[in-house]
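The structure appears below as structure tokens.
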Amino acid sequence: MIRLSVSFYGEIADRLGRERAMVFAVDDVTVGEIRAELARQDEAATILLNPQIRAAVDAVVVDDDAGVRSGQDVVFFSIVSGG
Amino acid sequence: MIRLSVSFYGEIADRLGRERAMVFAVDDVTVGEIRAELARQDEAATILLNPQIRAAVDAVVVDDDAGVRSGQDVVFFSIVSGG
Amino acid sequence: MAVEARLETGGLDAGAELAAFLSGRDADGAVVSFTGLARGRGADGAAVERLRLDWHPVMTARSLSVLAEATAARFDVSDVLVVHRGGEIAPGETIVFVAVASPHRRQAFFAADYLMDRLKTEAMFWKHESGPDGGRWIEPTERDRADRARWSD
Amino acid sequence: MAVEARLETGGLDAGAELAAFLSGRDADGAVVSFTGLARGRGADGAAVERLRLDWHPVMTARSLSVLAEATAARFDVSDVLVVHRGGEIAPGETIVFVAVASPHRRQAFFAADYLMDRLKTEAMFWKHESGPDGGRWIEPTERDRADRARWSD
């Protein structure tokens, strides 16, 4: 069982809210699988299948094949812009 | 008769002083002739024959063939550098 | 060499930042600064009443440090400073202040230019502007991406 | 468009100049500044105790105006400011402050860079540095001339 907090930054937060709790009844899950599960649960979350939406686990930007453990912080974020 | 104030800026001022009064017993004189006359009067002033030493008359930068009238301000100056 | 990167959630006084950056500096002849200001109109000319920069509690500050360090490593500069606002910003207020000191004028210009190009496309902020016509998210422009691409990695 | 060129024979507070230049500015997103500082050592490494910039009562201020106007005419900038010290300057003090505002970041960088290159070789100052080893006149370096030559007239 994996319990996660998933948060959203940028434009996607307008559609998906700032944060969601998720539970997976498995022992391992990848970032890509989290995207897919969110898109399955919620039509608005299909935007997460766009590769421009990047992900971080415990504040480290990762690829879709990165594994996520229970209790870790997952962030999905839209394109960034400073300055 | 032409009476002039000639002043010097930059490195040449170390050799020639800041200012000199000059009198020419003629009715017209050019910047080039002023350079030549100064160099004739004073060994140190031969540096004025170096074309890197530029001239201005009444605060306008001019060439050697520019004429100078009595009472005008003549400036000779070394290479400039700001910033 | 000092590299400083700060996320500022209150105000940002560019003049005071520059004064502090210059203070006691007699080994470097050249300091280039960039100040980015919130504009009263968006790219389409519509009035902007408020700019909001969302930030992440860990990643945003770290991205500023990473970019400032990359700038210091790439150019012949002695000190690099970036101060970046997060939160709500009114038109005319400073969003970002960058300063670079170097013994060499050209290196200082290059370094500040480079740091700004990277901040525009890589600093981890999410920028939202709103006005009487509604709100929209701001992403780097094509020009920002082309500017970034000038610098090979 | 405002173009301001000032010869300052007292002190020059770059932070205060930047703050004033930014004040009320909400149409331009980008302000680039350059601050030139008097260094504690000369190009040959010898200690410098004092820098002296001689100036001409008419031509020097005019040369600053001409160069600032040329910068404003050449680039897509809204305001250009140059403040240049004349007289005696101690190490660490500001010699020159340049600021350029533009809607476009790249234009602001180009304009400040251009103005500095022209000031180095064309501003009508005569620069003398002195220290325990004596004094010498400072002329633009080969690098300064090469930097100036990058910009076709």
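The values are calculated or read from the model by the stated rules, or taken from the named source; none is laboratory data. Only a predicted model underlies this, so the values are computations on that prediction, with no experimental measurement involved. As a convention, Cβ positions derive from the backbone with ideal geometry for all residues, glycine included, and neighbour counts pool all protein chains shown.
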Subset of segment D:121-141, residues surrounded by fewer than 23 Cβ atoms within 10 Å (Cβ to Cβ), of a type outside the set (S, T, N, Q) and outside any strand (DSSP E or B), comes to D:122, D:132, D:133, D:139, D:140
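Rundown of residues vs (1) closer than 21 Å to residue D:56 by Cα; (2) under 14 Å from the mean Cα position of the chain (by Cα); (3) part of a helix (DSSP H, G or I), yes/no style:
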position: D:83; (1), (2), (3): yes, yes, no
position: D:88; (1), (2), (3): yes, no, no
position: D:91; (1), (2), (3): no, no, no
position: D:97; (1), (2), (3): yes, yes, no
position: D:100; (1), (2), (3): no, yes, no
position: D:108; (1), (2), (3): no, no, yes
position: D:112; (1), (2), (3): no, yes, yes
position: D:116; (1), (2), (3): yes, yes, yes
Residue D:21 being touching a helix residue (DSSP H, G or I) at 6+ places or on another chain (Cβ under 7 Å), surrounded by 14 or more Cβ atoms within 10 Å (Cβ to Cβ) and not acidic (Asp, Glu): no
Taking segment A:63-82, which residues are farther than 23 Å from residue C:117 by Cα and not charged (D, E, K, R)? A:66, A:67, A:68, A:70, A:71, A:72, A:74, A:75, A:76
Is it fair to say residue C:31 is surrounded by 14 or more Cβ atoms within 10 Å (Cβ to Cβ) and either within 13 Å of chain D (Cβ to nearest Cβ) or more than 28 Å from residue D:45 (Cβ to Cβ) (or both)? yes
Would you be able to tell me the number of residues in segment D:53-69 that are more than 11 Å from chain B (Cβ to nearest Cβ) and either assigned to a strand (DSSP E or B) or charged (D, E, K, R) (or both)? 1
Residue B:4 passes all but one of the listed conditions (1) aliphatic (A, V, I, L, M); (2) within 12 Å of chain D (Cβ to nearest Cβ); (3) not in a loop (DSSP other than H, G, I, E, B); the exception is number (2)
Scanning for something at positive phi, modelled with pLDDT under 95, in contact with a strand residue (DSSP E or B) (Cβ under 9 Å, 6 or more places away or on another chain) and within 14 Å of chain D (Cβ to nearest Cβ), does segment B:56-75 turn up at least one residue? no
Out of curiosity, is residue C:126 in contact with an Asp or Glu (Cβ under 8 Å, 6 or more places away or on another chain), farther than 26 Å from residue D:98 by Cβ and at pLDDT 95 or above? yes
If residue D:68 meets every condition in (1) surrounded by fewer than 22 Cβ atoms within 10 Å (Cβ to Cβ); (2) touching a residue at least 24 places away in the same chain (Cβ under 8 Å) apart from one, which number is that one? (1)
Take the conditions facing another protein chain (nearest Cβ under 9 Å) and either in contact with a Leu (Cβ under 9 Å, 6 or more places away or on another chain) or within 28 Å of residue D:132 (Cα to Cα) (or both) and apply them to residue D:10. Does it pass? no
Please verify whether residue C:32 is of a type outside the set (Asp, Glu), in contact (Cβ under 8 Å) with a residue 12 or more places away in the chain and part of a strand (DSSP E or B), treating the condition exactly as stated. yes
Restricted to segment D:77-108, and to residues that are within 13 Å of another protein chain (Cβ to nearest Cβ) and of a type in the set (D, E, K, R), which residue is surrounded by the most Cβ atoms within 10 Å (Cβ to Cβ)? D:85
What's the number of the condition residue C:15 fails, among (1) assigned to a strand (DSSP E or B); (2) within 23 Å of residue D:99 (Cα to Cα)? (1)
